[in-house]
Amino acid sequence: MCNSMPPGIGEDALKEFWLQKLPSNVTAILVGLDASLDELATRADRILDVSNPQSVDVLSKEQFSDLAGAVSTLSQQVKSLTKIVNSAGGPSQSRSRAPARSDTQQSGDMCFFHARFGNKARTCRPPCSFKQEPRENPTSAPAEN
């Protein structure tokens, strides 16, 4: 703690701050001692080892009933949301507008691209039985003058 304190804060100020953070039974013993912080820390450790204080958090009846009511409300909300999700069909409904495409063989042994686009297909995946029809290129006639 001493090393992490900014410069200008004395040992007395640090001692007061540290004592405030200790349990009251330890503080009651250490306040009467006039020793360095290191010695006080050693004694505080010994006192805590011997006394073994156990802290118990206590809730008032009002706090407990408030918490019980909140848990009950959340349980009801979870039940109603579960009913809504189950009645809506769950995630089986698709948001996709287009049918799913697959690269499986369609139209016999043709690949997806030739089955879909025919002669205009630019890609082919083997095995593909598509036979490219020869394109008819018009023969250019000699230019007339």
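The values are calculated or read from the model by the stated rules, or taken from the named source; none is laboratory data. Here the structure is a predicted model, which means the values were calculated and not measured. Cβ coordinates were reconstructed from backbone atoms using ideal geometry, including for glycine residues, and neighbour counts include every protein chain displayed. Remember, those area values only see protein heavy atoms, side chains included, never the ligands or the DNA or RNA. Shrake-Rupley method; radii C 1.70, N 1.55, O 1.52, S 1.80 Å.
Some observations on this one:
- Label-point gap, in nm, between residue 82 and residue 65 - each point 7 angstrom along Cα→Cβ: 2.8 nm
- Computed with every protein chain present, the accessible area of residue 11 is close to 100 Å² [probe 1.4 Å].
- Here the spin labels are modelled as points 7 Å beyond Cα on the Cα-Cβ line, and at residue 38 and residue 14 they lie 1.2 nm apart.
- With DNA, RNA and ligands ignored, accessible area of residue 73 (1.4 Å probe; Å², nearest 10): 80 Å²
- In summary, no lysines lie within cross-link reach of residue 15, defined as a Cα separation below 20 angstrom excluding same-chain residues under 8 places away.
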